[in-house]
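Undergrad: I'd like to ask some things about the structure below.
The values are calculated or read from the model by the stated rules, or taken from the named source; none is laboratory data. As the structure is a prediction and not an experimental result, all values here were calculated from the model. Ideal geometry is used to build each Cβ from the backbone, glycine not excepted, and the neighbour counts take in all protein chains shown. SASA here: full protein model, heavy atoms, side chains in, ligands and nucleic acids out. Shrake-Rupley method; radii C 1.70, N 1.55, O 1.52, S 1.80 Å.
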Amino acid sequence: MNVGIIGSGTMGSGIAQVAATAGCKVKLFDTNQAVLDKAKVSLEKILNRLIEKGRINADEKNRIQSNISYVDSLKDLADSNLTIEAIIENLEIKKKVFVELESYVADDCIIASNTSSLSIASIASSLEKPERCVGIHFFNPAPLMKLVEVIPAIQTSKTVLNKSVEVITSWKKTVAVAKDTPGFIVNRVARPFYGEALRIYEEGIADFATIDWSLKTIGGFKMGPFELMDFIGNDVNYTVTETVFTAFYYDPRYKPAFTQKRFSEAGYLGRKSGRGYYDYAEGAIKPNPIEDKELAEKIFNRVLVMLINEAADALFLNIASAEDIDNAMTKGVNYPKGLLTWADEIGINKCVTALDRLYDEYHEDRYRCSLLLRKMNREHKTFF
């Protein structure tokens, strides 16, 4: 299979590695030769590390590298069976690229976007054959993260959807099919992990280190929300939150935090800038959390019920199946458990009670309980 990847940044390069490893002939396109050169050098280092760890041998390294060619013209992608765009999250730029691309590729070439939150229907509308367009959303780092969201637009043909799922599954990825709504599954359901943590900080309940410690110690999360935002990049994470908030007609559940906005404006972007919620300068000492188990339980429970509420609402609105929602959160962002499974373990009644307490305290629509949770509580049902 011939695969074209548009954009040779971290995500595009990662997708190229995945496809090449699966045996596809890949052309990695970028207009910037320096970025292409960097991608080639980066792949060499990654594959050498895999050899050192004993995961591949020299022959496998050569096979993967020989499957990737680096090109600086979209015309070079003309023989692609599948193209995946992984460029800047700007709708008009993506549309412009897709219009040009369609003029080169065959009628049966699938044209996919790796967008994390933009409308696939809107992107597809730029094409003469919008039925060939689909969302194929990988998670960073693409070679390591098992989940890929496949998002059909309302224009996407069943053939294109089925073929996309088949291809991505053959690349040894777990596919979750999601409805074309803002944030799809993961970036929608995960918003409270960041948003509620920021709210807890802004209320003066706990500092960054204590909130992170609470979620890791009590909840078993591999990274706390502030560590994760620093890893992702505050600018990137804030933009996704703002996009989802705007796209959901300013629903207060997705309201961005001024703290994150100010950190982004200050250039405190996280690891990539050397400073975010934590200082990453050489020799910097990470602040110690307040190791108060009672406080940690309160912080964890508040964030968790908000996450469960969001997952339940995604199921209520048919964004994806219960299985796909839980798979998305465990394999897309490494949550210790699927949120709907977690709800069953805690008890739906306890989730509803906790959310109602928050709503009674704040009287904000942000804390409204999902109708599905309330209905399941009345009927004594579980998700699984």
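Yes/no matrix, rows are residues, columns are (1) touching a residue at least 12 places away in the same chain (Cβ under 8 Å); (2) at negative phi; (3) hydroxyl-bearing (Ser, Thr, Tyr):
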| site | (1), (2), (3) |
| --- | --- |
| Asp326 | yes, yes, no |
| Asn334 | yes, no, no |
| Leu339 | yes, yes, no |
| Trp342 | yes, yes, no |
| Gly347 | no, no, no |
| Asp356 | yes, yes, no |
| Tyr359 | no, yes, yes |
| His363 | no, no, no |
| Arg366 | yes, yes, no |
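Undergrad: Hey, another quick one. How about segment 120-137: which of its residues are under 11 Å from Lys95 (Cβ atoms) and either of a type outside the set (S, T, N, Q) or modelled with pLDDT under 95 (or both)?
TA: Answer for segment 120-137, where residues must be under 11 Å from Lys95 (Cβ atoms) and either of a type outside the set (S, T, N, Q) or modelled with pLDDT under 95 (or both): Ile123, Ala124, Leu127, Cys133.
Undergrad: Right, here's the next one. Looking only at segment 300-319, decide whether some residue is of a type in the set (Lys, Arg), open to solvent by 60 Å² or more (accessible area, probe 1.4 Å) and part of a helix (DSSP H, G or I).
TA: No: segment 300-319 contains no residue that is of a type in the set (Lys, Arg), open to solvent by 60 Å² or more (accessible area, probe 1.4 Å) and part of a helix (DSSP H, G or I).
Undergrad: Taking segment 144-202 as the region of interest, how many residues are at positive phi and at pLDDT below 95?
TA: So the count comes out to 1.
Undergrad: Under 8 Å by Cβ, and 6 or more places apart or on different chains, what pairs join a residue from segment 40-65 that is closer than 22 Å to Val3 by Cα with one that is of a type in the set (Gly, Ala, Ser) and modelled with pLDDT of 95 or more?
TA: From segment 40-65, the pairs are Ser42/Ser13; Leu43/Ser13; Leu43/Ala16; Ile64/Ala20; Gln65/Ala20.
Undergrad: Which of the residues spanning segment 7-33 are farther than 21 Å from Gly233 by Cβ and either without any contact (Cβ under 8 Å) to a residue 40 or more places away in the chain or charged (D, E, K, R) (or both)?
TA: Passing the criteria: Lys25, Lys27, Gln33.
Undergrad: Specify the residue that is nearest to Thr10 (Cα to Cα); the eligible residues are those in segment 117-151 that are among the small types (Gly, Ala, Ser) and open to solvent by 20 Å² or more (accessible area, probe 1.4 Å).
TA: If we take residues in segment 117-151 being among the small types (Gly, Ala, Ser) and open to solvent by 20 Å² or more (accessible area, probe 1.4 Å), then Ser119 is nearest to Thr10 (Cα to Cα).
Undergrad: I'm told Glu297 meets every condition in (1) out of contact with any Cys (no Cβ under 8 Å at 6 or more places or on another chain); (2) in a helix (DSSP H, G or I); (3) open to solvent by less than 50 Å² (accessible area, probe 1.4 Å) except one. Can you identify the failing condition by its number?
TA: (3)
Undergrad: Need a quick list: helices (runs of 4 or more DSSP H) entirely within segment 155-235 having at least 2 residues that are surrounded by fewer than 17 Cβ atoms within 10 Å (Cβ to Cβ).
TA: Helices (runs of 4 or more DSSP H) meeting the threshold: 158-170.
Undergrad: Now for a different question. Would you confirm whether or not segment 280-288 contains a residue that is buried (at least 20 other Cβ atoms within 10 Å of the Cβ) and in contact (Cβ under 8 Å) with a residue 24 or more places away in the chain?
TA: no
Undergrad: Filter segment 77-103 down to the residues that are open to solvent by less than 40 Å² (accessible area, probe 1.4 Å), in contact (Cβ under 8 Å) with a residue 60 or more places away in the chain and not aliphatic (A, V, I, L, M) and list them by number.
TA: Passing the criteria: Ser80, Thr83, Glu85.
Undergrad: Would you call Leu28 touching a strand residue (DSSP E or B) at 6+ places or on another chain (Cβ under 8 Å) and either open to solvent by 10 Å² or more (accessible area, probe 1.4 Å) or closer than 20 Å to Phe139 by Cα (or both)?
TA: Yes: the conditions hold for Leu28.
Undergrad: Take the residues in segment 236-255 that are hydrophobic (A, V, I, L, M, F, W, C) and either buried (at least 18 other Cβ atoms within 10 Å of the Cβ) or under 15 Å from the mean Cα position of the chain (by Cα) (or both), then tell me which one is nearest to Pro141 (Cα to Cα).
TA: Per the criteria, the residue is Val236.
Undergrad: Considering only residues that are open to solvent by 30 Å² or more (accessible area, probe 1.4 Å) and not in a helix (DSSP H, G or I), which ones fall in segment 321-358?
TA: Result: Ser321, Val333, Asn334, Pro336, Lys337.
Undergrad: Follow-up question, since we're still on this one. Would segment 133-140 turn up any residue that is part of a loop (DSSP other than H, G, I, E, B) and touching a residue at least 24 places away in the same chain (Cβ under 8 Å)?
TA: yes
Undergrad: Another question, then. Just to verify a result, which residue in segment 45-76, among those that are open to solvent by 70 Å² or more (accessible area, probe 1.4 Å) and part of a helix (DSSP H, G or I), is nearest to Leu144 (Cα to Cα)?
TA: So the residue we want is Arg49.
Undergrad: Further question on the same structure: Look through segment 344-371, keep the residues that are of a type in the set (Lys, Arg) and closer than 19 Å to Lys298 by Cβ, and return whichever of them is farthest from the chain's Cα centre (by Cα).
TA: In this case the residue turns out to be Arg357.
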